[in-house]
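These notes are about the structure you will find just below.
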Amino acid sequence: MTPAAFELPAPEFPRGPGNPLGGLVARYRCTAGCGWYHDEPADRPASTPLRIPMGSDAETSASLTERAEQGLREHRQRAMHALTQHMLAEHQDPSMQVIGEVVPRPKAEFPYLPGDPRHSVARFRCPQGCDWACYVDTNLGAPTMLAAPGEELSQAQVDLIRRNEEMVAAFWATVEGAIAEHVADAHPEIQGDVGSPG
C-alpha cells in the first residue's frame, strides 16, 4: 500500500547564533502553518565515499556531479521523512472532525532507522492488540518543490496546503481501509471506530 507523497516546501536558510546546528542549514517549515520546522544540514556530504576516477577531466567532473546529486537526493529524503512524520502525527484530516472533536487516528510507528532503505515505512498495529500490522510506505520518491513569483506566493501557499490536506486524507483512507478490512475479517464482533483500541 502506498499513499500519495507530501510535497517538500522550499527551504529557508537561517544564519547566526540561533542556528542550533551551526553552519549552513536548510529549514523546512510545516506547510500547514503550525510553526513546526525541520533543520537539515545543507552541506552534509553524500553517504558513499568520494571516489575520483583516474581518467579525463570529463570523467572526474561526471563523478563529482553524481556524488553531489546523490547528496541532494539524500538531503531531500531526510527532510521529506521528517515532514511526513510530523504531518501524520500532528495534522488530522479536517473531514474527520465531529462536533469539535477529532476522531482518534491509528498510531504510526517508524520501526526503521534513518539510513535503512525502509526508513520511510510506517507500521500500524491492530487496534485490538493481535499480532497483525500493516506497513505503509510514506515516500513515493523524489519530492517536488513549489516556487512562485512574489505576487503569486500567497495563492501558491494556499494551493500547497490544500494539496497536502488532500494527501493526508488519502493516506489515512489507505491505512484505515486496511485496518477496517482486518478487523472485519479477524474481529467481527468489534463494532464502531477501528481507529482506537477497543
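Only the coordinates and a few stated rules stand behind these numbers; no lab work does. Being a predicted model, the structure only gives us computed values, none of them experimental. Ideal geometry is used to build each Cβ from the backbone, glycine not excepted, and the neighbour counts take in all protein chains shown.
Brief remarks follow.
- Note on Y135, Y28: ascending count of other Cβ atoms within 10 Å places them as Y135, Y28, the fewest first.
- Estimated distance in nm for a label pair at R163 and A108, the labels positioned 7 Å out from Cα along Cα-to-Cβ: 1.8 nm
- The H on the amide N of V25, modeled in the peptide plane, is under 5 Å from the matching H of A42, each at least 5 residues off or on a different chain.
- Fully extended contour minus Cα-Cα distance, from F13 to L72, at 0.36 nm per residue: 19.7 nm
- The packing ranking, built from the mean of other Cβ atoms within 10 Å per residue, places the peptides 80-88, 54-62, 67-75, 167-175 in the order 80-88, 167-175, 67-75, 54-62, highest first.
- Fewest-first sequence of D159, D185 by Cβ atoms within 10 Å of each Cβ: D185, D159
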